[in-house]
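Nothing in this text is a laboratory measurement; each read-out follows from the coordinates by a stated rule. This one's a predicted model, so the numbers in the text were calculated from it and none came from an experiment. When we count neighbours, we look across all protein chains shown, and the Cβ atoms used for this are built from the backbone with ideal geometry, even at glycine.
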Amino acid sequence: MEQASEKGLLAVRLMVNGASREARIRPGETLLEMLRNRLGLKGTKCGCEIGECGACTVVMDGVAVNSCMVLAAQAEGARVTTVEGLARDGRLHPLQEAFLELGAVQCGFCTPGMLMSALALLEIRPRPTRDEVARAIAGNLCRCTGYQMVVDSIMKAAEVMNA
Ligand code: FES
Ligand code: FES
């Protein structure tokens, strides 16, 4: 980025998917915009941008948040995990495996947000009930799956992770 175009930009430093990152942002820019446009992490989806659909969900300091409703500046010093941070050493996360195996992915637009809501839940509730899973993804709208397979997949992933 050229010096002139950096006028008025703020530097934000944070951990993203375990790596230290820095981005220069406009005041008022959202975490969603920073992740996608400054850090190139396009896995986090942009849906409604008003906190209604959950497509933009990421995990910030252990909590699932709608990144369209968080200012990028608020992420200074935070630990953020996006869908790109799920797979390790070329292996999909058990949540991703279960979503694929049980057919919880159709168009896939809601999937990154669903995965991140599920991840935040399993971190605090490794053995959730179906009701707890349903509550955890209540803010993630899906137009394709009817949620049944999504809940099944999260339950299956929890089982695998506890084995
Ligand atoms: S894009 Fe953030 S909740 Fe819809
Ligand atoms: S799989 Fe299409 S919106 Fe959920």
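Taken about its Cα centre, the chain carries a charge dipole of about 100 debye when Lys and Arg each add +1 at the Cβ and Asp and Glu each add -1 at the Cβ.
Contact order for the chain, expressed relative to its length and based on alpha carbon pairs under 8 Å spaced 6+ residues apart, stands at 22 percent.
In sequence order, region 92-102 has phi-based couplings of 5, 5, x, 5, 5, 4, 5, 4, 5, 4, 9 Hz under the Karplus curve 6.51 cos²θ - 1.76 cosθ + 1.60, θ = phi - 60°, and Gly or Pro positions carry x.
Hey, any idea what Rg/Rh is for region 60-123, computing Rh the Kirkwood way over Cα pairs?
0.99
Using C-alpha pairs below 8 Å separated by at least 6 residues, the relative contact order for region 24-68 is 32 percent. Taking amide H positions as modeled 1.01 Å from N, with prolines and chain starts lacking one, the residues under 5 Å from Val16 and 5 or more places away or on another chain are Arg21, Val80. Taking all Cα pairs closer than 8 Å and separated by 6 or more residues, the relative contact order of region 94-162 comes to 52 percent.
Of the residues Val63, Cys110, Gly77, the one whose Cα sits farthest towards the positive end of the charge dipole of the chain is Gly77 (charges of +1 on Lys and Arg Cβ, -1 on Asp and Glu Cβ, taken about the Cα centre).
Measuring how big region 94-162 is from its alpha-carbon positions, Rg and Dmax come out at 10.4, 30 Å. Annotation: lysines with alpha-carbon distance below 28 angstrom to Lys156 (same-chain offsets under eight excluded): Lys42, Lys45.
Applying the criteria of a DSSP loop state and at most 13 other Cβ atoms within 10 Å to the trypsin sites (Lys or Arg not before Pro) of region 79-115 yields no site. For region 1-117, the Kirkwood hydrodynamic radius comes to 14.7 Å, computed from all pairs of different C-alpha atoms.
Over all other residues within a Cβ to Cβ distance under 13 Å of Lys42, the charged ones net out to +1, with Lys and Arg as +1 and Asp and Glu as -1. Secondary-structure-derived ellipticity at 222 nm for the chain, considering helices only, amounts to -8000 deg cm²/dmol, per-run term -39500 (n - 2.57) for DSSP H runs with n ≥ 4.
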